[in-house]
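Undergrad: Take this structure, written in structure tokens, and hold onto it; I'll ask about it next.
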Amino acid sequence: MFLASRNFCCRGIRTCQLRPDFLSRSIKHSASATMPFRHKNTRRIEGLDSNVWVEFTKVAADPSIVNLGQGLPDISPPSYVKEELAKVAAIDRLNQYTRGFGHPSLVKALSQVYERVCGRKIDPFTDILVTVGAYGSLFSTVQALIEEGDEVIIIEPFYDCYEPMVKMAGAKPVFIPLRCKNDGNSASSADWVLDPAELANKFNSKTKAIILNTPHNPIGKVFTREELQVIADLCIKHDTLCISDEVYEWLVYKGNKHIKIATLPGMWERTVTIGSAGKTYSVTGWKLGWSIGPEYLIKHLQVVHQNTLYTCPTPLQEALAQAFWIDYKRMDDPDCYFYSLSRELESKRDRMALLLKEAGLKPVIPDGGYFMIVDVSTLNVDLSDLDEKQPYDYKFVKWMIASKKLSAIPLSAFCGPETKKQFEKYIRFCFIKKDSTLDAAEVILKNWNKQ
Amino acid sequence: ILSLSLQAKMSRPVQARRLEGIDKNIWVEFVKLAATYSKVNLGQGFPDFPAPDFLTEALTRALSGGNHMLHQYTRAFGHPPLVKVLAQFFEKLLGRDLDPMTNVMVTVGAYQALFCCFQALVEEGDEVIIIEPFFDCYEPMVKMAGGTPVFVPLRPNPPKDGKLMSSADWQLDPAELASKFSERTKAIVLNSPNNPLGKVFSCRELGLIAELCVKHDVLCISDEVYEWLVYDGKQHIRIASLQGMWDRTVIVGSAGKTFSATGWKVGWVVGPDRLLQHLRTVHQNSVYHCATIAQEAVAQGFQRELTLYGKPESYFVQLPKELQQKRDWLIQSLNAVGMKPIIPEGTYFLVADISQFKSDVPDVPNSDEPYDYRFTKWMVKNKGLAAIPLSAFYSEAHKNNYTNFIRFCFAKEDATLKAANDILQKWKQEKTS
């Protein structure tokens, strides 16, 4: 069947060879043939090629492994979300380009939802940018507003992409760790706090921005109003931007409230707030996110966007808009997915915590998000025979995958070079998993000590 | 309250210098104009006919299949079924073995593929040769990467017999092209079939470019998004298949153009691992993953085309056939009213000389806008017909070189093209009466 095509392309190739005499001439005259290949990577990506996910998603791809590693729901998205996408597939014009900075019906829906949440007017066309996931929003924000000579404060542990993105923009990451209050005995994510004096010391005239992530990945901390005020005061004092990654904004558990730092006095004008459809609707594979902020900041993100990928997929944006309208209308109703998902996840969180405790592990109960970090040092697993160069938690996770068939993510992947020692006894579990997955994890954890 | 918010604003310059000079964008303005005024939109390049059934059915099947993991992250560098079928396809077309994991990467449209190329391979101190007229994003992308664009024009050589020009009559001057290569030249961007002219670079022309790339050890970023849209029995030749070129070429492709679904934003790069590894680094630090379900459906589209390759039912045979008819119709239409079209060998664009319509839009001396910009804005507002000025596809320095040409997109339903014809006929009548 490919005979025809072979002739087709071979005809082209045969008649399109470089003249042999020219080729030998050019080899004689240009040094390039004997020189090593000079086309290396640009400086901006030097050292940014390795990535914890590339390493661990490969290892955990084996279906016999219970995968609690990557933050990937294996529960189904709500049926109306899938149905909206099915409806959209039938509409011709929705298969073609839409507005670059965000599909009109989506930015309008987002502005309505967030106007309600923030208590302020949000212009759908100037104050919002739709991006390829929250990841794309982080990239657009950093590329738009950060450059060589700037410093960016990153709170450890951090979602791993913050550091390479800041570096790719030519800036310097400045780390500050969350520290455990109770002498290392942590029962809750609320035990992990910033030292205000230490934080204040990190700010200087070069500080362009601080990246805030609340609810926090991986610890699950939900920053309180008082904690946010400390950060806000410093931002205002030093005229610094705040990049607020709030992808888990709806996933807060009883007794906690998600507060948007942009709603604090003096902060709207210096904050870009980032959200995610993937985390809001359990559709990580839709890769839609958004940046919301004042026009004079968002316009620069829009310039980056129009020079990087220009527009996001239309059908997914339309379906997402429809899903948002459905939930916007019931934001006073407990059945709204924004609230029902967090209730569902809270019981999974509690189950996960119980299982881990029964196995002799010390989980840190998260106040938000769908991750739980666990201190594995109590198990005293001797891994000294494994690869010396890797931190303890990397070795532990690899050992656990191989011998227990359970995967997680090592916490030192989320730390800067100075703090790896502090966090290498922790690993991160993801609990946005269906019951059968958690059942399988339960079997492994119950049998942990029997080997 | 007002003064409080002014105080709260950042007091120092907030945006990064990499954005300097790249904030303007023709599409932002012209898409808005078309949305506001046009009755017939032959401006922005997208089909107004539906995407093929087999593609939308693939999406529907994926959604109804019960595999809800299609709504979750897939492999970052490309959904396995898609990279596998792309590798299979391009193996045949290029006549070489391809590893789907290292020789192919999926991107958010060809646009993001281009972005990855420039960010991965171009930096301050590098020159990048861009052939004019060019798809407008190349210049700002090179600048954003810190590189210096170096322009070389296609020059029109009108046929002496007074016949309509073809895009083949727009050619590079070999000596002029050679003079643009210096020791700072990092890459040349090739776009064949070319947007906006529709030129399909010939074997000889590609050979010329290839010789210079090999001689100067320069990379080639080959934007081939319109690879299937070639007419009159012409062949699209892939420069990467020329001797000495595979190792230095990144090929960019687009599902949006291949399958008439521009809104899906699925694109790809094909090339040697030692170049693609750097694009992967950029990709994993910028968007990381592309939407899973769109990739799944595009993979199925390619599977279908793999089994039908070369057959009359193949979409890659049917689409150019249909578009050629539309091209010919529009050419006739424009010719009849006195706009002189340049017959495109490929793509779904054509450029026409509007010199005979200049009296409708008086020239304004010392205007900061090139003539064709003013003409197209006047035309969409007063005639309801949207097109794009050719100078949008030229560098700042050369915007006034060709100001009597506008670009039309003919990937439109017959009814749309008829409506365009009606507008043009009426316009001509108004001129003669």
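The values are calculated or read from the model by the stated rules, or taken from the named source; none is laboratory data. Note that the structure is predicted; figures quoted are calculated from it, not measured. All Cβ positions, even for glycine, are placed from backbone atoms using ideal geometry, and neighbour counts span all protein chains on display.
Undergrad: Which is crowded, with 20+ Cβ neighbours inside 10 Å and of a type in the set (Lys, Arg), of A:Lys181, A:Lys208? Spell out the reasoning first.
TA: On the way: A:Lys181 fails: crowded, with 20+ Cβ neighbours inside 10 Å.
The match here is A:Lys208.
Undergrad: Separate question: In the stretch B:40-63, which residue that is free of Cβ contacts under 8 Å to residues at least 12 places away in the same chain and more than 7 Å from every other protein chain (Cβ to nearest Cβ) is surrounded by the most Cβ atoms within 10 Å (Cβ to Cβ)?
TA: Filtering the stretch B:40-63 for residues that are free of Cβ contacts under 8 Å to residues at least 12 places away in the same chain and more than 7 Å from every other protein chain (Cβ to nearest Cβ), the one surrounded by the most Cβ atoms within 10 Å (Cβ to Cβ) comes out as B:Glu57.
Undergrad: OK, next. Examine the stretch B:91-103 for a residue that is under 24 Å from A:His305 (Cα atoms), outside the structural domain of B:Trp27 (by the TED database) and not basic (Lys, Arg), and state whether such a residue exists.
TA: There is no residue in the stretch B:91-103 that is under 24 Å from A:His305 (Cα atoms), outside the structural domain of B:Trp27 (by the TED database) and not basic (Lys, Arg).
Undergrad: Looking at A:Leu354, A:Leu309, A:Leu297, which one is under 23 Å from the mean Cα position of the chain (by Cα), over 15 Å from A:Cys242 (Cα atoms) and of a type in the set (A, V, I, L, M)?
TA: Just one listed residue meets the conditions, A:Leu309.
Undergrad: Give the stretch B:304-322 a look and list any residue that's touching a Ser or Thr at 6+ places or on another chain (Cβ under 9 Å) and away from chain A (no Cβ under 14 Å), or say none.
TA: B:Tyr315, B:Leu319
Undergrad: Please go through the stretch A:240-255 and give me each residue that is in a loop (DSSP other than H, G, I, E, B) and either closer than 23 Å to A:Gly368 by Cα or free of Cβ contacts under 8 Å to residues at least 24 places away in the same chain (or both), ordered by number.
TA: Passing the criteria: A:Glu246, A:Val247, A:Tyr248, A:Glu249, A:Trp250, A:Leu251, A:Tyr253, A:Lys254, A:Gly255.
Undergrad: Provide a single number: the residues in the stretch B:101-149 that are of a type in the set (D, E, K, R) and either under 19 Å from the mean Cα position of the chain (by Cα) or at pLDDT below 95 (or both).
TA: The qualifying residues number 4.
Undergrad: Have a look at B:Val106, B:Val128 and point out the one that is more than 10 Å from every other protein chain (Cβ to nearest Cβ), under 30 Å from B:Ser179 (Cβ atoms) and surrounded by 21 or more Cβ atoms within 10 Å (Cβ to Cβ).
TA: Exactly one residue qualifies, and that residue is B:Val128.
Undergrad: Here's a follow-up. If a residue counts only when it is of a type in the set (S, T, N, Q), which strands (runs of 3 or more DSSP E) contained entirely in the stretch B:214-273 have at least 2 such residues?
TA: Where strands (runs of 3 or more DSSP E) fall fully within the stretch B:214-273 and carry at least 2 residues being of a type in the set (S, T, N, Q), they are B:249-254.
Undergrad: Based on what the data block shows, is B:Ser333 within 23 Å of B:Pro193 (Cβ to Cβ), small (Gly, Ala, Ser) and not in a loop (DSSP other than H, G, I, E, B)?
TA: Here the answer is yes, as B:Ser333 does meet what is asked.
Undergrad: Out of the stretch B:74-92, which residues are surrounded by 22 or more Cβ atoms within 10 Å (Cβ to Cβ) and within 10 Å of chain A (Cβ to nearest Cβ)?
TA: Selection gives B:Thr74, B:Phe77, B:His79.
Undergrad: Moving on to the next point. Go through B:Lys199, B:Lys180, B:Lys160 for me and flag whichever is of a type outside the set (A, V, I, L, M, F, W, C) and surrounded by fewer than 17 Cβ atoms within 10 Å (Cβ to Cβ).
TA: Numbers: B:Lys199 fails: surrounded by fewer than 17 Cβ atoms within 10 Å (Cβ to Cβ); B:Lys180 fails: surrounded by fewer than 17 Cβ atoms within 10 Å (Cβ to Cβ).
Every option except B:Lys160 fails the conditions.
Undergrad: All but one of (1) of a type outside the set (Ser, Thr, Tyr); (2) over 20 Å from A:Leu138 (Cβ atoms); (3) modelled with pLDDT of 95 or more hold for A:Cys180; state the number of the condition that does not hold.
TA: Answer for A:Cys180: the failing condition is (3).
Undergrad: Just give me the residues in the stretch A:256-281 being among the small types (Gly, Ala, Ser) and either facing another protein chain (nearest Cβ under 9 Å) or in a loop (DSSP other than H, G, I, E, B) (or both), in sequence order.
TA: Listed by number, the residues that qualify are A:Gly266, A:Gly278.
Undergrad: Something else: Could you tell me which of the residues A:Ser137, A:Ser111 is within 22 Å of A:His258 (Cβ to Cβ), within 14 Å of chain B (Cβ to nearest Cβ) and of a type outside the set (D, E, K, R)?
TA: A:Ser137
Undergrad: A further question follows. What number of residues in the stretch A:418-451 are crowded, with 18+ Cβ neighbours inside 10 Å and free of Cβ contacts under 8 Å to residues at least 24 places away in the same chain?
TA: 0
Undergrad: Scanning for something over 26 Å from B:Met144 (Cβ atoms) and more than 10 Å from every other protein chain (Cβ to nearest Cβ), does the stretch B:234-254 turn up at least one residue?
TA: Yes, the conditions are met somewhere in the stretch B:234-254.
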